[in-house]
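Q: I have a structure here, written as structure tokens, and I will follow up with some questions on it.
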């Protein structure tokens, strides 16, 4: 498919700027909302299981609908999918805003309140199954392929800034003005997201990319066949999944702070933000560095390996400052690998398959995040806190070695 010659350069591209603000405001809103509502749910229940249910209600619909969503996104106007997704996000946010309005929570009772909150989180998770592949595909439609090297780090930065500042803003607003102000702010930011997506022109699917009479199951099979037949895509997805799965040491931070560092909540807050700080600093540099010019595969393998090394050093550290800087460097290496992974997926995936490939990637990432945290907790219970962290970092290194040896395509991949 030919590129649109009318698409301007990344710095003068109004649609790309709208896309960046869209991605930032949406992720910022979602994190403010999830942070504040989770805190409120724990405040009224005082049981951790109710916090775990939030993740379950968000992850389950992604797991069961992502494959269908991916093939559907490939057949539809990406901009239209995102408009409908944001409308769905706004509906769920409106429900959370209403049930947390002063006096409403007391009137409906705890059981109904929790049921409505979990219903809203289910809708949020279901919508993410569609919005994720659509946003991934839309990026390739608002910038030239030769501008990916600048566009992808900027897009990743928008996501990272929103995910770092969102929980912080949610906590501050919650403490200063209450839960109703926090969820109200999230709803307002989603309205901003809607304004941003409406500033992007429609992106209909070219007729030549559509096959008449093809069933959803056939389209899903085509996506899987492409992934299995493309070693570099398979390598990226596998590396992402297992590196995150085994490198989930940050889920054990509360235990590390209390049992190893003998520190308090302030130190925990700094350590919790260290990864994001390192990622943001690196993403700032990556927007101008020629990261994708040569030896892309080796840079990817090296960055994931160094992330594993940082996890091992973190497990051995008994000093707060060393732990902070190690986690910050781990975030920086993670940012490098994230940009390269996203770039490989964008370059190597045909336009008519981006939704399906992105949907598989979203399941891998969501599974590794959720299951990785669960694995870390189980491992720490069975073999001890420090051994669990060291084992996770070591397995990350082993994963890199196995993929480098077994999938040779990743060592010599070129982005063009």
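The values are calculated or read from the model by the stated rules, or taken from the named source; none is laboratory data. These numbers come from a predicted model, not from an experiment. Because the Cβ atoms are built from the backbone with ideal geometry, glycine has one as well, and the counts that use them run over all protein chains shown.
Q: In segment 141-150, which residue that is assigned to a helix (DSSP H, G or I) and at pLDDT below 85 is nearest to residue 284 (Cα to Cα)?
A: Looking only at segment 141-150, we keep the residues that are assigned to a helix (DSSP H, G or I), and these are 141-142, 145-150.
Add one more test, that the residue is at pLDDT below 85, and what stays is 145-150.
On the way: 145: 20, 146: 19, 147: 16, 148: 15, 149: 13, 150: 10 Å.
Residue satisfying both the conditions and the ranking: 150.
Q: Please state which one of 96, 76, 72 is touching a residue at least 60 places away in the same chain (Cβ under 8 Å) and outside any helix (DSSP H, G or I). Walk me through how you get there before you give the answer.
A: Numbers: 96 fails: outside any helix (DSSP H, G or I); 72 fails: outside any helix (DSSP H, G or I).
The unique qualifying residue is 76.
Q: Go through segment 14-44 and count every residue that is at pLDDT below 85 and either exposed (fewer than 14 other Cβ atoms within 10 Å of the Cβ) or not in a helix (DSSP H, G or I) (or both).
A: Residues in segment 14-44 being at pLDDT below 85 and either exposed (fewer than 14 other Cβ atoms within 10 Å of the Cβ) or not in a helix (DSSP H, G or I) (or both): 1 in total.
Q: Related question: Just checking, does segment 152-172 include any residue being more than 26 Å from residue 278 (Cβ to Cβ) and at pLDDT below 90?
A: Residues of segment 152-172 more than 26 Å from residue 278 (Cβ to Cβ): none.
No, segment 152-172 contains no residue that is more than 26 Å from residue 278 (Cβ to Cβ) and at pLDDT below 90.
Q: Take residue 364 and tell me if it is in a helix (DSSP H, G or I), within 12 Å of residue 252 (Cα to Cα) and modelled with pLDDT under 80. Step through it out loud before you land on a result.
A: Details: in a helix (DSSP H, G or I): yes; within 12 Å of residue 252 (Cα to Cα): no; modelled with pLDDT under 80: yes.
No: the conditions fail for residue 364.
Q: Evaluate segment 116-128: report whether one residue or more is outside any helix (DSSP H, G or I), surrounded by 20 or more Cβ atoms within 10 Å (Cβ to Cβ) and touching a helix residue (DSSP H, G or I) at 6+ places or on another chain (Cβ under 8 Å).
A: Residues of segment 116-128 outside any helix (DSSP H, G or I): none.
Checked against the condition, which is being outside any helix (DSSP H, G or I), surrounded by 20 or more Cβ atoms within 10 Å (Cβ to Cβ) and touching a helix residue (DSSP H, G or I) at 6+ places or on another chain (Cβ under 8 Å), segment 116-128 yields no hits at all.
For every residue, the table says whether it meets (1) at pLDDT below 75; (2) surrounded by fewer than 18 Cβ atoms within 10 Å (Cβ to Cβ); (3) under 25 Å from the mean Cα position of the chain (by Cα).
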site	(1), (2), (3)
368	yes, no, yes
372	yes, no, yes
378	yes, yes, yes
388	no, no, yes
393	no, no, yes
396	no, no, yes
406	no, yes, no
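Q: From (1) closer than 24 Å to residue 314 by Cα; (2) surrounded by fewer than 20 Cβ atoms within 10 Å (Cβ to Cβ); (3) in contact with a helix residue (DSSP H, G or I) (Cβ under 8 Å, 6 or more places away or on another chain), pick out the condition that doesn't hold for residue 262.
A: (3)
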